[in-house]
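Visitor: Structure provided below as structure tokens; questions to follow.
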Amino acid sequence: MKIVAAEVIVTSPDRNFVTLKITTEDGIVGLGDGTLNGRELSVASYLADHVVPLLLGRDAHQIEDTWQFLYRSAYWRRGPVTMTAIAAVDVALWDIKAKAAGMPLYQLLGGASRTGVMAYGHASGRDTEELFDSVRHHLEEGFRSIRVQTSVPGIDAVYGVPATRSAGRAHHYEPAQRAPLPAEEDWDTGAYLRHVPTVFEAVRGEFGADLPLLHDAHHRLTPIQAARLGRDLEPYDLFWLEDCTPAENQDALRLVRQHTTTPLAIGEVLNTVWDYQTLVREQLIDYVRSSVTHTGGVTALRRLLDFAAQYQVKSGIHGPTDISPVGFAAGLHLDLAIHNFGIQEYMPHGALTNEVFRQTFTFGDGYLHPGTAPGLGVELDEEAAGRFPYQPAYLPFNRLKDGTVHDW
Ligand code: KDG
Ligand code: MG
């Protein structure tokens, strides 16, 4: 089944998305997500200039061979741009194969291992009252596991907390700003470490012991600071503490592990199975946070999660709004099929995004399901996509009080 066309579509309904559309000689269309937040056009160029010409005439069914060809023939391996571009091709080819088979993708991955995919949502607030409101709102929306992010006294803007509160949408945090330059935020680790345990104490007091709670430290701590936070949060029984130290420093986690039993999740900025060698083999983490989109697609993330499974490390697939509905759906099919599923992040997309990407997944009572439509279950409305041209947007960055650039 020859590939006869491949096209890169950049659209910006609520935010920027890069989509690869592959068409086969018998008219089957597959979609792949190539969105890399704040660096979208680099992947669009990698695909359009260097990958699309190589795809034409190839057999769409040869997914593994195409993956190995794109990975090894470039010579320059790994890295977010390369792995996101490979993911876009890989996911589009899985979509095609599943549509050709007339089955939802999870059937080709071994079939469903569970009836639904447990999802967590993002609650946040600038103070306790706002945070409690946000948690309640999530419970009403059907979430049964909740990430808690909070403002820190003395810091103006903190990761995960909207700067302003618009009625009813306090829980919708979108870090990338449409602007020609990245926004500058400030950071104070001491204030954060003192404040966060008091917030979890309050949340447990209000919502009880049973609600699974998560927290993202977003790469900001040194190993000893992370060890202290993990230990201080132990009484509040977190489902996980995410990205407590910068993810690329695998050795850091040894020290954290020596001091705390708070479960650790890492990996949304990692791109390959090789980035996890130490983390998984030494069992320094409990959850893998990679997305299908930034880790070379379904083929590569499946391989990584199978490796993790040998060490009882589970999945926690990245699902913020900067993963497009196409990449999100691919993650859901994997979630349903693998044995070592942990939890799925679910940050609902905005109304305009849902107009451009028609989706079949369902959500209710804490669980997602990708649906039973053949393929991924996502269609792109190209007319709608054309109404939202690319707009420059950046993630913010942090400076300490003395002006030093810090991890964001
Ligand atoms: O593009 C960056 C975001 O995806 C990231 O900040 C979100 O940390 C994140 C999360 O856990 O969803
Ligand atoms: Mg994160």
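The values are calculated or read from the model by the stated rules, or taken from the named source; none is laboratory data. Everything quoted here is computed from the prediction, not taken from an experiment. Note that each Cβ is placed from the backbone with ideal geometry, even for glycine, and that neighbours are counted across all protein chains shown. With ligands, DNA and RNA removed, areas are computed over all heavy atoms of the protein, side chains included. Shrake-Rupley method; radii C 1.70, N 1.55, O 1.52, S 1.80 Å.
Visitor: Could you name the lysines whose alpha carbon sits less than 19 Å from that of Lys21, not counting residues in the same chain fewer than 8 places away?
Guide: Lys21 reaches Lys2, Lys97, Lys99.
Visitor: Only helical DSSP H runs with n ≥ 4 go in: add -39500 (n - 2.57) per run for the chain, normalise by residue count and round the 222 nm mean residue ellipticity to 500 deg cm²/dmol.
Guide: Theoretical 222 nm ellipticity from helices: -10000 deg cm²/dmol.
Visitor: Can you list the residues, at least 5 places off or on another chain, whose amide H is less than 5 Å from the amide H of Tyr120, using H built in the peptide plane?
Guide: Gln344, Glu345, Tyr346
Visitor: Still on this structure: Accessible area per residue of region 108-373 at 1.4 Å probe, in Å²?
Guide: 37
Visitor: While we're looking at this one, here's another question. In nanometres, what is the gap between the two model label sites at Thr164 and Leu139, each 7 Å from Cα along Cα-to-Cβ?
Guide: 3.0
Visitor: Also: Can you list the HN-Hα couplings for region 61-72, worked out from phi with the Karplus curve (6.51, -1.76, 1.60; θ = phi - 60°), rounded to whole Hz and with x for Gly and Pro?
Guide: Karplus-based 3J(HN,Hα) across region 61-72 equals 6, 8, 5, 4, 4, 5, 4, 5, 4, 5, 6, 8 Hz.
Visitor: Where the accessible area of the chain is counted over protein heavy atoms with a 1.4 Å probe, how much of it, in %, is carbon and sulfur?
Guide: That share works out to 51 percent.
Visitor: What Kirkwood hydrodynamic radius do you get for region 116-212 when you take the inverse of the mean 1/r over all pairs of distinct Cα atoms, in Å?
Guide: Evaluated on region 116-212, it is 14.3 Å.
Visitor: Can you pull the three principal axis extents for the Cα set of region 1-70, in Å, largest first?
Guide: Cα extents, longest axis first: 35, 24, 18 Å.
Visitor: Using θ = phi - 60° and the Karplus curve 6.51 cos²θ - 1.76 cosθ + 1.60, what whole-Hz ³J(HN,Hα) does each residue of region 87-96 get, with Gly and Pro shown as x?
Guide: Per-residue couplings from phi come out as 4, 4, 5, 4, 5, 4, 6, 5, 4, 5 Hz.
Visitor: Which ³J(HN,Hα) values, rounded to whole Hz and listed in residue order, are derived for region 74-80 from phi using the Karplus coefficients 6.51, -1.76 and 1.60 in 6.51 cos²θ - 1.76 cosθ + 1.60 with θ = phi - 60°, glycine and proline given as x?
Guide: 6, 6, 7, 9, 6, x, x
Visitor: Turning to a different aspect of this structure: Nearest 0.05, what FRET efficiency do Thr128 and Thr261 give at R0 = 30 Å with Cβ-Cβ as r?
Guide: Rounded to the nearest 0.05, the efficiency is 0.65.
Visitor: Let me ask something additional. I want the local charge near Gln310. Using Cβ-Cβ distances under 15 Å, sum +1 for each Lys or Arg and -1 for each Asp or Glu among the other residues.
Guide: +1
Visitor: Give me D for region 108-373 in µm² s⁻¹, whole number, from Stokes-Einstein with Rh from the Kirkwood sum over alpha-carbon pairs, 10 °C and 1.306 mPa s.
Guide: My calculation gives 84 µm²/s for D.
Visitor: Which of the GluC sites (Glu not before Pro) found in region 1-85 are loop residues per DSSP with 10 or fewer other Cβ atoms within 10 Å of their Cβ?
Guide: Here no loop site has a sparse enough neighbourhood.
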